[in-house]
1. Working only within segment 76-114, note down all residues that are in contact with a strand residue (DSSP E or B) (Cβ under 7 Å, 6 or more places away or on another chain) and either free of Cβ contacts under 8 Å to residues at least 12 places away in the same chain or β-branched (Val, Ile, Thr) (or both).
2. Just one of the numbered conditions (1) among the hydrophobic types (A, V, I, L, M, F, W, C); (2) at pLDDT below 95; (3) exposed (fewer than 14 other Cβ atoms within 10 Å of the Cβ); (4) in contact with a Gly (Cβ under 9 Å, 6 or more places away or on another chain) is not true of VAL76; which one?
3. Test GLN119 against the stated conditions and say whether it is touching a strand residue (DSSP E or B) at 6+ places or on another chain (Cβ under 6 Å), buried (at least 18 other Cβ atoms within 10 Å of the Cβ), at pLDDT 95 or above and within 19 Å of GLY53 (Cα to Cα).
4. Kindly list, by first and then second residue, each pair from a residue in segment 15-38 that is closer than 21 Å to GLY73 by Cβ to a residue that is part of a loop (DSSP other than H, G, I, E, B) and aromatic (Phe, Trp, Tyr), limited to pairs with Cβ atoms under 9 Å and residues at least 6 apart or on different chains.
5. Scan segment 54-69 for residues that are crowded, with 20+ Cβ neighbours inside 10 Å and without any contact (Cβ under 8 Å) to a residue 60 or more places away in the chain and jot them down.
6. Would you mention how many residues in segment 119-140 are in a strand (DSSP E or B) and more than 22 Å from GLN27 (Cβ to Cβ)?
7. Tell me, please, whether a residue that is at pLDDT 95 or above, under 28 Å from PRO61 (Cβ atoms) and either surrounded by 15 or more Cβ atoms within 10 Å (Cβ to Cβ) or more than 13 Å from the chain's Cα centre (by Cα) (or both) can be found in segment 132-142.
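The values are calculated or read from the model by the stated rules, or taken from the named source; none is laboratory data. Not measured: the values here are computed from a predicted model. Every residue, glycine among them, receives a Cβ derived from its backbone with ideal geometry; neighbour counts consider all protein chains shown.
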Amino acid sequence: MSTFDSWLDPVQIPIQLDEGASLPVYQTDGAAGMDLTSTESVQLQPLERKLVGTGIRLAIPLGFEGQIRPRSGLAVRHGISMVNTPGTIDSDYRGEIKILLINLGDSVVQFAQGERIGQLVICPVARAHWQPVASLDETERGSGGFGSTGVQ
């Protein structure tokens with residue numbers, strides 16, 4: 001049993017794997033995200049984006065979501081990110097998890113099948129119940145938006 005498992009009960013999530021797919025893996029006991037791997041070889045030209053399959057399907061429990069996030073190492077070394085980050089995997093989605101990668105660097109980047117291309121974080125979800133009111137409480141910030149709390 002790892003240190004992480006000893007203080008937190010893991011969420012049980014049914015998973016279906018396509019041929020050539022790998023289970024998502026935590027690389028360390030303190031990792032929040034599990035690495036996801038590609039089921040295909042991919043080449044990305046500068047500024048090109050591609051939807052890349054992972055070969056996994058999940059049954060995330062009601063009250064949770066999966067967040068698909070970029071890997072920081074790919075961003076710093078190659079300029080690889082995700083167009084919609086974080087991507088949300090709803091609890092009622094049963095299709096293949098795919099990652100929309102984009103090459104923001106100035107060189108072609110090649111990924112081999114089985115290479116780590118993203119990460120999955122499982123998070124609890126709070127549902128909102130709207131309460132229409134005539135006015136909202138006042139705050140120091142008020143309606144100040146972009147850049148209103150920092151020095152320009």
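1. Passing the criteria: ILE80, VAL83, THR85, THR88, ILE89, ILE97, ILE99, ILE102, VAL108, VAL109.
2. Result: VAL76 passes all but (4).
3. Yes: the conditions hold for GLN119.
4. ALA32/TYR26; GLY33/TYR26; MET34/TYR26; ASP35/TYR26
5. Of all residues in segment 54-69, those crowded, with 20+ Cβ neighbours inside 10 Å come to 54-56, 58, 60, 66, 68.
Scanning segment 54-69 gives GLY55, ILE56, LEU58, GLY66, ILE68.
6. The number of residues fulfilling the criteria is 1.
7. No, segment 132-142 contains no residue that is at pLDDT 95 or above, under 28 Å from PRO61 (Cβ atoms) and either surrounded by 15 or more Cβ atoms within 10 Å (Cβ to Cβ) or more than 13 Å from the chain's Cα centre (by Cα) (or both).
For (1) on the phi > 0 side of the Ramachandran plot; (2) assigned to a strand (DSSP E or B); (3) not acidic (Asp, Glu), each residue gets a yes or a no:
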residue: ASP35; (1), (2), (3): no, yes, no
residue: GLU65; (1), (2), (3): no, yes, no
residue: VAL76; (1), (2), (3): no, no, yes
residue: ASN84; (1), (2), (3): no, no, yes
residue: THR88; (1), (2), (3): no, yes, yes
residue: GLY105; (1), (2), (3): no, no, yes
residue: GLY114; (1), (2), (3): yes, no, yes
residue: ILE117; (1), (2), (3): no, yes, yes
